[in-house]
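Okay, so here's the structure we're looking at.
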Amino acid sequence: MKKIKVCIVDDNRELVNLLDEYISTQGDMEVVGTAHNGQDCINLLEDVAPDVLILDIIMPHLDGLGVLERLRESSHIAFPNVIMLTAFGQEDVTTKAVELGASYFILKPFDMDHLANHIRQVSGKASPK
């Protein structure tokens, strides 16, 4: 069975490590890369092509919306399914991210099982029975 390839991008290193550990325990998923700011995310996506990108909105150097804008403008980086993580439910930011191609939003703090189910949903893979 082909695993869902996931990249995690958040400036909170502890959260990235927790997500990496959790996703690695899911039999149908694998973490293929992590980054801690938007610019490193762009560099990472030039090298790996994840099925799902878990992307924080507020980060240094380039925020999550900036990453989405760069991905839309790029002809050489594949646009993955994007799950945005945010601590704030600002409607204007949410609307902008959806316009730029985000698939789903999750407010922090969140339940790990809930996130895993949404990774499966946006990647088109049903939950394993």
The helices (runs of 4 or more DSSP H) lying wholly within region 62-129 that contain at least 3 residues that are touching a Gly at 6+ places or on another chain (Cβ under 8 Å) are 64-73
Scanning region 1-32 residue by residue, the ones that are assigned to a loop (DSSP other than H, G, I, E, B) and under 12 Å from LEU53 (Cα atoms) total 1
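Run down ASP10, ASP40 and say which single residue is farther than 20 Å from ILE106 by Cβ and touching a residue at least 24 places away in the same chain (Cβ under 8 Å). Please lay out each step first, then the result.
On the way: ASP10 fails: farther than 20 Å from ILE106 by Cβ.
Sole residue among the options that is farther than 20 Å from ILE106 by Cβ and touching a residue at least 24 places away in the same chain (Cβ under 8 Å): ASP40.
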Which listed residue, of ALA78, ALA102, ALA87, is open to solvent by 30 Å² or more (accessible area, probe 1.4 Å) and within 15 Å of VAL9 (Cα to Cα): ALA87
Can you pull out every residue in region 80-92 that is modelled with pLDDT of 85 or more, more than 17 Å from ARG70 (Cβ to Cβ) and among the aliphatic types (A, V, I, L, M)? ILE83, LEU85
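The values are calculated or read from the model by the stated rules, or taken from the named source; none is laboratory data. Quantities reported herein were computed from a predicted structural model and do not represent experimental measurements. Cβ sites come from the backbone with ideal geometry, for glycine too, and all protein chains shown count toward neighbours. Side chains are part of the model used for accessible areas, which takes the heavy atoms of the whole protein and leaves out ligands, DNA and RNA. Shrake-Rupley method; radii C 1.70, N 1.55, O 1.52, S 1.80 Å.
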